[in-house]
Amino acid sequence: MQAPKYSVIVPVYNRPHEVQELLQSLTRQSYKNFEVLLVEDGSARTSREVYEQYASVLSITYFFKPNSGPGPSRNFGFERARGEYLVVFDSDCVIPETYFEEVEKFMQKEAVDAWGGPDRGRDDFTPLQQAMAYTMASLFTTGGIRGGRKSGFQPRSFNMGISRKVYAQTHGFVFDRLAEDIELSIRIRKHGFNVALIPGAFVYHKRRTSLHDFFKQVSNFGKGRVLVGRAHPGEIKLTHWFPAFFTLGLCAVPVIALLFPKLGLLLVLGYISYFLLIAIHAFTRINSIRVALLSVPSAFIQLTGYGTSFLKQMFAR
């Protein structure tokens, strides 16, 4: 059997409902020369029934393995993939039907060793999910440090493609979880591979369903950034400190207001103006007052969750 050009690797842990939507979106792809490897990472609620539902309409293989985290699970899939390029999606993504078509168009003009694309919200996502999708990609929050620029772009594991040559030289993911994709992207760059952002190859990323779960997710991002910095000195930039400064400033407002009332008032007005800017920008992007209002608590959770965890890990022994 002829090998496909692309192998899609999806690690999953206790999320069959998400896998259902992801696989359904893959059946609609305009470009068909790909296979799917669904790697069950020791789930109690497996996706086997979902896999069986799509076994006749997709070139798909299902694997069950002991729990080890998303990094080793993706490597597990890489080792068993047949494609020329290895593509990873998160299980909470929905893939637009032109995704691989966009990758093909780009590669015909400029063949690259690795790529990634943006993530977006979608109209049928809940308003909170749309708000979280906005803040995660916004330049006014940590979206500004997530590698969304073409210069110095770092692919993330919700939407990442690498060639077999890249995998052979990097051996894939080293971290089991927490910023494992950032760490791999750094090593890809250090090996001198050609990496590109493909704007048209975006995915719809559902994120979490509650602010509580979102807080836990972004907390892991903050901790992971510090772990990356320890593995690769120099990879923590001033911009990565922004959520920490934001959080420290927020905690300091009551004390400053008590000791220096005028300065405290300026700080309060500064924070209010900042969140107002986020809400206005969100409305211009999504054209929904409800989503714009929800973008404020979403941004607050995102920055404080990331910042608090970043500081804890930075000063931990």
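Listing for the model above:
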| quantity | calculated |
| --- | --- |
| Near pairs, Cβ below 7 angstrom, 6+ apart or cross-chain, from region 128-146 (of a type in the set (Ser, Thr, Tyr) and modelled with pLDDT of 90 or more) to any residue that is buried (at least 20 other Cβ atoms within 10 Å of the Cβ) and in a loop (DSSP other than H, G, I, E, B) | Tyr134/Gly121; Thr135/Thr141 |
| Any hit, region 21-28, residues being within 20 Å of Lys165 (Cα to Cα), in contact with an Asp or Glu (Cβ under 9 Å, 6 or more places away or on another chain) and hydroxyl-bearing (Ser, Thr, Tyr) | no |
| Single residue of Ser151, Ser157 found to be modelled with pLDDT under 85, farther than 20 Å from Val296 by Cβ and not basic (Lys, Arg) | Ser151 |
| Top-ranked residue of region 25-65 - restricted to ones that are part of a helix (DSSP H, G or I) and in contact (Cβ under 8 Å) with a residue 60 or more places away in the chain, ranked as farthest from Val88 (Cα to Cα) | Ser25 |
| Per-region count, region 259-293, residues under 30 Å from Val228 (Cβ atoms) and among the aliphatic types (A, V, I, L, M) | 3 |
| Ala316 vs. criteria hydrophobic (A, V, I, L, M, F, W, C), free of Cβ contacts under 8 Å to residues at least 12 places away in the same chain and in a helix (DSSP H, G or I) | no |
| Residue within region 83-99 that is free of Cβ contacts under 8 Å to residues at least 40 places away in the same chain, farther than 23 Å from Gln217 by Cβ and not acidic (Asp, Glu) present | no |
| Index of the failed condition, Ser68 passing every other in (1) buried (at least 17 other Cβ atoms within 10 Å of the Cβ); (2) outside any helix (DSSP H, G or I); (3) out of contact with any Gly (no Cβ under 7 Å at 6 or more places or on another chain); (4) not charged (D, E, K, R) | (1) |
| Qualifying residue in region 2-17 (condition: part of a helix (DSSP H, G or I) and crowded, with 17+ Cβ neighbours inside 10 Å) | yes |
| Region 3-19 - residue that is more than 16 Å from Lys65 (Cβ to Cβ) and modelled with pLDDT of 95 or more and, of those, nearest to the chain's Cα centre (by Cα) | Val8 |
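The values are calculated or read from the model by the stated rules, or taken from the named source; none is laboratory data. Given the structure is predicted, the values throughout are model-derived calculations rather than measurements. Quick reminder, even Gly has a Cβ in these numbers, built from the backbone with ideal geometry, and neighbours come from all protein chains shown.
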